[in-house]
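Shown next, in structure tokens, is the structure this report addresses.
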Amino acid sequence: MAENLDQFNKLFRQSQEEEQDTLLGIHILFYVAINTLWVILNMVYIPKKFRWMTYYPLVGWGLVLFAHWWFFVRVAGSLCERREQEAQEELRSQVSSVSIQ
């Protein structure tokens, strides 16, 4: 049974990592599409002396994109492991409280 549980945990971690990679890919796709449109519109309609303001949203969203990668994608496996440990500890405490009663 422990082998099946270990296999399940491994598959669950892999699926979570793949899900986070997919979500990051979607985030990058939206970043590129929306900011391309943003830059084009600003280059057409904003006077030259104010075009420097176009880049602040690009940098800000880029930082958010980096934070998404740093806090979710990079550590997806370790987050799953931590959740597994918490679940196992909770299960042990429930089993020990039932056996005491």
If the only charges are +1 at each Lys and Arg Cβ and -1 at each Asp and Glu Cβ, what is the size of the charge dipole of the chain around the Cα centre, to the nearest 20 debye? 900 debye
Given contacts defined as C-alpha pairs under 8 Å and at least six residues apart, what's the relative contact order of the chain, whole-number percent? 46 percent
So how do K49, K10 line up by other beta-carbon neighbours within 10 Å, fewest first? K49, K10
Dipole check, the chain, charges on Cβ (K,R +1; D,E -1), about Cα centroid: among G60, I28, V39 the Cα furthest to the positive pole belongs to V39
Residue ranges of DSSP H helices in the chain that stretch 30 Å or more (Cα, own long axis) and have mean Kyte-Doolittle hydropathy of at least -1.0 are 2-45, 76-100
Stokes-Einstein D in µm²/s, Kirkwood radius over Cα pairs - the chain at 20 °C with 1.002 mPa s viscosity: 124 µm²/s
Value of [θ]222 nm, deg cm²/dmol, for the chain, DSSP H segments ≥ 4, -39500 (n - 2.57) each, nearest 500: -29500 deg cm²/dmol
Can you figure out the FRET efficiency of S78 with M43, using R₀ = 41 Å and their beta-carbon distance, to the nearest 0.05? 0.45
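Since every read-out is calculated from the coordinates, none of them should be taken as a lab result. Keep in mind that what you see is a predicted model, and the values were worked out from it rather than measured. Using ideal geometry, Cβ is built from the backbone for each residue, glycine included, and neighbour counts are taken over all protein chains shown.
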